[in-house]
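Down below is the structure, laid out as structure tokens.
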Amino acid sequence: MMKDIKKYQNAEKAKKQREQTLQTPWYYDGLENLCERLHPEKLVLQVSDIEELSWDTKVYRLTSANPKKLLSPFRAGQYIGLTAEINGVRTSRPYSLVSSPNNLAYYELGIKKKEGGFVSPYLLENLKVGDNLEATGPLGEFFYNTLFHGQNLVFIAGGCGITPFISMLRDITERTLPLNVYLIFGCLTEKDILFRKELEDIATRRSNIKLKFILSEPESDWKGACGFITKNEILNFIGNIEGKYFYVVGSLNMYQFIEGELNALNIPIHRIKYEAFGVPDDITKVMGWPNDIDGSKKVKVTLDFLSQGQKEQISFEASSIEPLLNSIERQKDLRLMIENGCRSGQCALCRTKMVSGKVFVPPEVTIREIDQNYGFIHPCISYPLTDIHLDLTLT
Ligand code: FES
């Protein structure tokens with residue numbers, strides 16, 4: 001017994017000596033800082049410049065609000081989630097970075113006003129130089145992968161879906177990457193072509209980057225292609241599909257159309273990458289939505305949550321045609337913020353345990369099998385069909 005005590009005392013003494021004499025390894029602090037810079041819990045950004053890009057779109061330049069805290073590096077094609085507080089409702093939206101990943105002095109976002117939207121009209125009307133904004137670090141999987149995507153890339157953009165491609169093109173041209181890019185950009189009218197001058201300039205200067213605009217509602221003097229981005233338009237432009245990898249960004253409606261066209265061209269599904277498309281404008285028009293539920297249906301949502309270490313419960317009424325995350329954020333007095341990024345069911349940051357109830361999820365959204373098996377939902381893209389009970393204390 002005494003022997004063991006002695007042994008323990010010696011071991012403790014040796015440990016203390018080690019702690020006193022060993023310096024912190026040289027790399028320790030550096031790694032801590034690096035991890036924080038790569039995966040920040042949140043960023044505080046300051047608006048340093050605003051440019052009117054078109055009649056309904058502005059480009060915001062954002063720097064770090066804390067000069068000692070550097071901006072996180074990102075891959076061209078990624079987005080950040082911007083938080084805004086509007087009439088007491090704290091919410092956030094993802095916006096693609098349009099700036100080059102080779103310049104981390106600032107981020108730039110192209111924000112288009114969404115008619116009837118909650119956040120973008122507010123930002124466009126109220127955000128001014130000097131304002132601070134909370135944001136996530138860069139997120140998303142929509143970027144070029146040298147191993148899997150090859151050297152022949154077809155970018156298909158609809159409307160403000162051009163934004164991640166601007167960052168990618170800036171990166172490709174700045175680093176003179178040996179890639180062949182075919183960009184097809186569909187818009188309603190000429191005045192909706194964002195970044196037109198820059199795109200035409202890049203296509204003129206770089207023979208490896210080809211550009212085609214297609215307008216669905218052109219003025220009579222438009223001399224370019226008209227209509228939708230059909231399989232014939234795609235094939236005529238790219239020549240053949242051999243070895244090409246397709247990236248698509250646009251609205252949900254556009255995705256449904258393009259999916260059919262790419263299918264008709266026999267493009268294998270693993271050669272197509274779709275960016276998160278946000279929530280549908282009208283969920284009742286989405287395939288699979290139950291016919292007997294209309295916009296007037298209300299359900300009861302019950303939430304279990306932690307307040308000062310205690311589990312509490314609250315119930316409120318929510319609309320069936322609004323994503324659960326939005327309904328929860330509307331409970332402004334609760335000040336509950338469920339972590340979120342894409343708001344499209346892709347990043348899984350908002351993963352929440354559903355104790356009971358039934359939700360509708362658009363068929364394009366794939367929820368991880370393990371989440372489904374254990375009753376977790378993504379409230380950003382889940383619409384309540386019945387009364388719902390969520391437990392926010394379980395992750
Ligand atoms: S916020 Fe990305 S899955 Fe919900």
Quick one: if you stick a label point 7 Å off each Cα along the C-beta vector at ASN291 and GLU217, how many nm between them?
3.1
Could you do me a favour and compute the accessible area per residue for the chain, 1.4 Å probe, result in Å²?
54
Please identify every one of the GluC sites (Glu not before Pro) in the range 33-103 that sits in a loop by DSSP and has no more than 14 other beta carbons within 10 Å of its own beta carbon.
GLU41
Report ³J(HN,Hα) in whole Hz for each residue of the range 81-93, in order, from the Karplus equation J = 6.51 cos²θ - 1.76 cosθ + 1.60 where θ = phi - 60°; Gly and Pro get x.
x, 9, 9, 9, 10, 10, 6, x, 8, 9, 9, 8, 9
Rg/Rh for the range 298-391 to two decimals, with Rh computed the Kirkwood way over all alpha-carbon pairs.
0.93
Starting from the amide H of ILE388, placed 1.01 Å from N in the peptide plane, find each other amide H under 5 Å away whose residue is 5 or more places distant or on another chain.
LYS300, VAL301, THR302
222 nm mean residue ellipticity, helices alone, for the chain (DSSP H n ≥ 4; -39,500 (n - 2.57); rounded to 500)
-7000 deg cm²/dmol
Under 5 Å between amide H atoms, partner at least 5 residues away or on a different chain: which partners does LYS297 have, H built in plane at 1.01 Å?
SER320
For LYS244, distant residues with modelled amide H under 5 Å away:
none
Against the longest principal axis of the chain, how steep is helix 252-264, in degrees 0 to 90 to the nearest 10, with axes from Cα atoms?
70
From the phi of every residue in the range 40-45, what ³J(HN,Hα) in whole Hz does the Karplus formula 6.51 cos²θ - 1.76 cosθ + 1.60 yield, where θ is phi - 60° and glycine or proline is x?
x, 5, 7, 10, 10, 10
Quick one: order LYS7, LYS191, LYS273 from most to least accessible surface, probe 1.4 Å.
LYS7, LYS191, LYS273
quick note, the chain, DSSP beta bridge pairs, % antiparallel (nearest 5) is 60
Cut-off 10 angstrom, C-alpha nodes, Gaussian network model of the chain. Which of SER100, SER216, SER296 fluctuates the most?
SER296
³J(HN,Hα) computed for each position of the range 349-355 - Karplus, 6.51 cos²θ - 1.76 cosθ + 1.60, integer Hz, glycine/proline x:
5, 8, 2, 9, 7, 9, 6
Could you list the trypsin sites (Lys or Arg not before Pro) in the range 95-170 that lie in coil according to DSSP, counting only those with at most 10 other Cβ atoms within 10 Å of their Cβ?
LYS128
Percent of accessible area on the chain owned by carbon and sulfur, 1.4 Å probe?
50
Where a ≥ b ≥ c are the square roots of the eigenvalues of the C-alpha gyration tensor, would you call the range 56-201 rounded, which needs a/c under 1.5, or, failing that, prolate if a/b is larger than b/c, or oblate?
oblate
Pairs beyond 20 Å (Cα-Cα), from LYS197/LYS223; LYS112/LYS231; LYS212/LYS244; LYS210/LYS244:
LYS112/LYS231
Could you please put MET168, MET287 in sequence from largest to smallest accessible area, using a 1.4 Å probe?
MET287, MET168
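The values are calculated or read from the model by the stated rules, or taken from the named source; none is laboratory data. As the structure is a prediction and not an experimental result, all values here were calculated from the model. All Cβ positions, glycine included, derive from the backbone under ideal geometry; neighbour counts span all protein chains shown. These area figures cover heavy atoms from the full protein model, side chains too; ligands, DNA and RNA do not enter into them. Shrake-Rupley method; radii C 1.70, N 1.55, O 1.52, S 1.80 Å.
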